[in-house]
Amino acid sequence: QVELAESGGGLVQPGGSLRLSCAASGNLLGLYYMGWYREAPGKRRELVAHITTGNSKNYLDEVKGRFTISRDSATNTVYLQMDDLKPEDTAVYYCNAVIITNHRTDYWGKGTQITVST
């Protein structure tokens, strides 16, 4: 079992910044990557960014140049630095961890609301 503890959501004005954190604990054998998804009203949940144990990174095109994902291996914590936030970034953001042993298992945080508005 894996637990994901999220923090850092909130309200911010357009152009502002927020930093999300997600700390993973439990049985992390086979951890492949951690990342962040988001789900806006009426929209499909989409991958925002992820980072592998080998430090490979991937970003949604819409956030490239504005968001930065990083990882602290010692604490199994992933961070998402979000700069130049736009109203279109408003969504519930979910931390995701992927465990691959004999099969793939996804674990999810409870979600944190990001609202970009004046």
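The values are calculated or read from the model by the stated rules, or taken from the named source; none is laboratory data. Bear in mind that the values here come from a model prediction, so they are computed numbers and not experimental data. Virtual Cβ from ideal backbone geometry, glycine too; neighbours counted across all protein chains shown. For the accessible areas, the whole protein counts, side chains as well, though only heavy atoms, and no ligand, DNA or RNA atoms are used. Shrake-Rupley method; radii C 1.70, N 1.55, O 1.52, S 1.80 Å.
Condition check: surrounded by 14 or more Cβ atoms within 10 Å (Cβ to Cβ), of a type in the set (A, V, I, L, M, F, W, C), in contact with a Pro (Cβ under 9 Å, 6 or more places away or on another chain) and free of Cβ contacts under 8 Å to residues at least 60 places away in the same chain. Does Ala23 satisfy that?
Working: surrounded by 14 or more Cβ atoms within 10 Å (Cβ to Cβ): yes; of a type in the set (A, V, I, L, M, F, W, C): yes; in contact with a Pro (Cβ under 9 Å, 6 or more places away or on another chain): no; free of Cβ contacts under 8 Å to residues at least 60 places away in the same chain: yes.
In short, no.
Of all the residues that make up the stretch 1-20, how many are among the charged types (D, E, K, R) and open to solvent by less than 60 Å² (accessible area, probe 1.4 Å)? So that I can check it myself, show each step before the final result.
Looking only at the stretch 1-20, we keep the residues that are among the charged types (D, E, K, R), and these are 3, 6, 19.
Narrowing the set further to residues that are open to solvent by less than 60 Å² (accessible area, probe 1.4 Å) leaves 6.
Qualifying residue count for the region: 1.
Can you pull out the residues in the stretch 31-63 that are assigned to a strand (DSSP E or B), open to solvent by 70 Å² or more (accessible area, probe 1.4 Å), without any contact (Cβ under 8 Å) to a residue 24 or more places away in the chain and farther than 18 Å from Ser21 by Cβ?
Scanning the stretch 31-63 gives no hits.
Scan the stretch 84-110 for residues that are in contact with an Asp or Glu (Cβ under 9 Å, 6 or more places away or on another chain), open to solvent by 80 Å² or more (accessible area, probe 1.4 Å) and outside any loop (DSSP other than H, G, I, E, B) and jot them down.
Residue satisfying the conditions is Glu88 alone.
Being of a type in the set (Phe, Trp, Tyr), under 16 Å from Gly109 (Cα atoms), part of a strand (DSSP E or B) and touching a residue at least 60 places away in the same chain (Cβ under 8 Å) is the requirement here; does Tyr79 meet it?
Numbers: of a type in the set (Phe, Trp, Tyr): yes; under 16 Å from Gly109 (Cα atoms): yes; part of a strand (DSSP E or B): yes; touching a residue at least 60 places away in the same chain (Cβ under 8 Å): yes.
Judged against the criteria, Tyr79 is a match.
Restricting attention to the stretch 67-83, which residues are over 23 Å from Leu31 (Cβ atoms) and surrounded by fewer than 16 Cβ atoms within 10 Å (Cβ to Cβ)? Full working, then the answer.
Taking the stretch 67-83 first, the residues over 23 Å from Leu31 (Cβ atoms) are 82-83.
Correct list: Asp83 only.
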